[in-house]
Amino acid sequence: MQYFKPAGPSTFAGDAMPFTHNGVFHLIYLLDHGHHHDLGGLGGHQWAHATTTDLVHWEHHPLAIAITEPWEGSICTGSVFVYDSTYYAFYATRMRDWTQHVALATSTDGIHFEKQAPNPLASPSGRYDPEHFRDPFVFQDPATGTFHMLVTSILAEPELAGHDGCLAHLTSTGLRTWEEAEPFLITGYRGAPECADLFIWNDWTYLIFSHDLVAHYRMARTSLGPWLRPSMDTFDGPLAAVMKTAPFGDRRIGVAWIGTREGDTDIGTRQWGGNLILRELIQHPDGTLGTRFVPEAIPIHGQPLDPPVSATTADVAGSASAIGVGSSQGLTVAAVTGIPRTCRITMRIDPHGSGPRPASEFGMRLRTAGQLAGGYDLRFRPHDATVTLQGAGLTQVHEIRHPFNLDIVAYGDIIDVCIAGQRCLINRLPEQRGDHLVLYSRDGPVGFENIEVVPQP
């Protein structure tokens, strides 16, 4: 399911709603046709469904929740909560008049769901914009047993004009009837915080919501807050959209999507919907979170190649498995040739090389025809702790100031990067098709060690 897209030239995957029960990891996602343009722009989304017990072998099931009524314009994002042997699927319906309402479907096996009356189950009060009441997420407070529902909303009369995004808050004692409570979180952002996710992990409670499709998170010591914002409150770079998570044993697996590309810029304008992305969350000692590749989900395995290396400038030494690049000043470049378009590249990078401090800048050009000016630039800047992949960037990547492992998966037009097993960065880059990997350093020696290139089998 890593980088999975449903079959069909205009069919895509959107928001994911993973959950786990009895050792089965369920991946429900919005099935999209035409980049949110179906049914006159209402979306026309339905819930698609796949399951696994090992994150390797997946079984695809019939639609979990489909459009079955003439007034349903889209089955929007939601969540599944399992209680007393019943699967409760809370979802939102975008009606043909564009208003949004929460609904419920239930199942006894987690595969076949039936919509329940009353439908709608809950509708926005006058406090909220009626066209923004979606993405219901349900959890139970372990301290009281009360069920809580968080709903993507926009305040009708915000305290600060334009800064209207909030998570509406409903409570229940039995999952069937719900009462409105005070807003759960007012973000202060323009626009609604979408696709909430809340979970407890090793004495921390995490609240995730997406703004402009980028997932942010908050931390607390109790399930209802107060919430702390970490200094880096996002996961991947800007193109991993709408991450939601579920447990897998004692691990935590996140699922997001990367949209298809429209436009000529490095990042371009992303269409709604594309390919799914799986990530494993990691928890640091201070409670903050990071992401890494899910080992079981990496789609490329096999025997490494032995590609030749050429020195484009002076001050290059080594072979394809270990290359030293650079001197105390200037730009130094080496090229590894014969790199397949779809492959996995791993290496360990020593940003100090043989010098006393990290180089000012280093990195590589992927899919270039041999020139540093071509291809796609993966750039590391230790002095300001930033990493960029052809315009998509990460900040506060302090790991690159010390030796670190780098893992790159080039899969079709997707290039996906994992840095030090703690931060990930993805981009969709379809144009360049060169077979050179060009390594470079500026103003300092850098060691590129343990280089392996594994082609797609």
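Some points to look at:
- Being open to solvent by less than 10 Å² (accessible area, probe 1.4 Å), of a type in the set (Gly, Ala, Ser) and not in a strand (DSSP E or B) is true of residue 444.
- Qualifying residue in the stretch 231-247 (condition: touching a Lys or Arg at 6+ places or on another chain (Cβ under 6 Å), part of a strand (DSSP E or B) and in contact (Cβ under 8 Å) with a residue 40 or more places away in the chain): yes
- Cβ-Cβ contacts under 7 Å between residues 6 or more apart (or on different chains), taken from a first residue in the stretch 54-73 that is within 16 Å of residue 18 (Cα to Cα) to a second residue that is open to solvent by 50 Å² or more (accessible area, probe 1.4 Å), are listed as 54/296; 55/296; 56/296.
- The one condition in (1) outside any strand (DSSP E or B); (2) modelled with pLDDT of 95 or more; (3) open to solvent by 50 Å² or more (accessible area, probe 1.4 Å); (4) within 30 Å of residue 131 (Cβ to Cβ) that residue 56 fails to fulfil: (4)
- Looking across the stretch 248-272, not a single residue is small (Gly, Ala, Ser), at pLDDT 95 or above and closer than 29 Å to residue 374 by Cα.
- Any hit, the stretch 400-410, residues being of a type in the set (Asp, Glu) and farther than 17 Å from residue 298 by Cα: no
- For the stretch 30-47, filtering for residues that are assigned to a strand (DSSP E or B), open to solvent by less than 10 Å² (accessible area, probe 1.4 Å) and of a type outside the set (Asp, Glu) leaves 2.
- Any hit, the stretch 87-95, residues being open to solvent by less than 70 Å² (accessible area, probe 1.4 Å), of a type in the set (A, V, I, L, M) and in a loop (DSSP other than H, G, I, E, B): no
- Matching residues in the stretch 294-342 - criterion: being small (Gly, Ala, Ser) and within 20 Å of residue 403 (Cα to Cα): 317, 318, 319, 320, 321, 322, 324, 326, 327, 328, 334
- Residues that are in a strand (DSSP E or B) and touching a helix residue (DSSP H, G or I) at 6+ places or on another chain (Cβ under 9 Å) were ranked within the stretch 407-441; the one that is nearest to residue 329 (Cα to Cα) is 419.
- Among the residues of the stretch 420-434, at least one is open to solvent by 10 Å² or more (accessible area, probe 1.4 Å), modelled with pLDDT of 90 or more and closer than 16 Å to residue 312 by Cβ.
- Residues (in contact (Cβ under 8 Å) with a residue 40 or more places away in the chain and either within 16 Å of residue 74 (Cβ to Cβ) or not in a strand (DSSP E or B) (or both)) located in the stretch 117-126: 121, 124, 125
- Contact map, the stretch 38-49: residues that are more than 20 Å from residue 115 (Cα to Cα) paired with residues that are acidic (Asp, Glu) and crowded, with 20+ Cβ neighbours inside 10 Å, Cβ distance under 8 Å, separation 6+ or inter-chain. Pairs shown: 38/32.
- Filtering 411, 440 for residues that are under 23 Å from residue 2 (Cα atoms) and aromatic (Phe, Trp, Tyr) leaves a single hit, 411.
- Residue match in the stretch 308-323 (condition: modelled with pLDDT of 95 or more and surrounded by 20 or more Cβ atoms within 10 Å (Cβ to Cβ)): no
The values are calculated or read from the model by the stated rules, or taken from the named source; none is laboratory data. Keep in mind it's a predicted model, so treat the numbers as computed, not measured. Positions of Cβ are generated from backbone atoms using ideal geometry, with glycine treated the same way; all protein chains shown enter the neighbour counts. Surface areas here come from the heavy atoms of the whole protein model, side chains and all, with no ligands, DNA or RNA. Shrake-Rupley method; radii C 1.70, N 1.55, O 1.52, S 1.80 Å.
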